[in-house]
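To start, the structure under review is shown below, and the notes come after it.
The values are calculated or read from the model by the stated rules, or taken from the named source; none is laboratory data. All of these numbers come straight from a predicted model, not from anything done at the bench. Quick reminder, even Gly has a Cβ in these numbers, built from the backbone with ideal geometry, and neighbours come from all protein chains shown.
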Amino acid sequence: MIKKTKFKDLVIYEKNTFRDKRGYFRELYLQKHFKTKFPFDIMSYSKKNVLRGLHLQLKNSQKKLLTVLKGEIFDVCVDCRKNSKTFGKYFSIKLSDRENKSLFIPAGFAHGMYALTNNVIIHYKCSNYRHINSETGIKWDDNDLKIKWPSKKVILSKKDKKNISFKEFKRLIKRS
């Protein structure tokens, strides 16, 4: 089942889980539900309080299908599509391994996640390969975005500590 959000093309994807006394069997992805092809799969592992993001590629932008395989996250998507009605607005959701939900993130969104539990494992299906030269990041605590993260206690990578403000991002895309 696909649940729409107030953001064009950003959807929550719910799949079947088959349970019995042994445990469960889950469907993670069915191609028939998507027009997008996903040639690139990645996985991330995070400790509690790790915040990754907010990331996006300016060229060769990626659509992503994100599934939490272990643990729980607070997930954030910021609409960075210049001509979108929801440009500069964000969507947030808690996702965990206890439910069989994934998030389909359209191209043009900055994405970030915060690990609410230890040993978080996330699987991403991506519509394009990583393009290092067009990667950029927006500050997780940007004043203009006003994202309500569950904690200010975060563990960031060196790279994410250098992310730009949303104002700088808007100037960057104006030039392109």
Filter result for the condition that a residue is at pLDDT 95 or above, of a type outside the set (Phe, Trp, Tyr) and crowded, with 20+ Cβ neighbours inside 10 Å, over 164, 155, 122: 122
Any strands (runs of 3 or more DSSP E) falling wholly within the stretch 11-56 and containing at least 2 residues that are over 15 Å from the mean Cα position of the chain (by Cα): 17-20, 23-26
Flag for residue 86 being at pLDDT below 95 and among the β-branched types (Val, Ile, Thr): no
Hey, residue 134 touching a strand residue (DSSP E or B) at 6+ places or on another chain (Cβ under 6 Å), more than 25 Å from residue 15 (Cα to Cα) and of a type in the set (Ser, Thr, Tyr) or not: yes
Residue within the stretch 70-83 that is in contact with a helix residue (DSSP H, G or I) (Cβ under 7 Å, 6 or more places away or on another chain), closer than 30 Å to residue 156 by Cα, exposed (fewer than 14 other Cβ atoms within 10 Å of the Cβ) and of a type outside the set (A, V, I, L, M) present: yes
Output for the stretch 57-95, where each listed residue is in contact with a Ser or Thr (Cβ under 6 Å, 6 or more places away or on another chain) and under 17 Å from residue 166 (Cα atoms): 57, 58, 76, 79, 91
Matching residues in the stretch 88-119 - criterion: being in a loop (DSSP other than H, G, I, E, B) and either among the charged types (D, E, K, R) or farther than 17 Å from residue 139 by Cβ (or both): 89, 97, 98, 99, 100, 106, 107, 108, 116, 117, 118, 119
Residue 175 charged (D, E, K, R), under 20 Å from residue 44 (Cα atoms) and out of contact with any Lys or Arg (no Cβ under 6 Å at 6 or more places or on another chain): no
Some residue of the stretch 19-38 being surrounded by 14 or more Cβ atoms within 10 Å (Cβ to Cβ), under 30 Å from residue 139 (Cβ atoms) and touching a residue at least 24 places away in the same chain (Cβ under 8 Å): yes
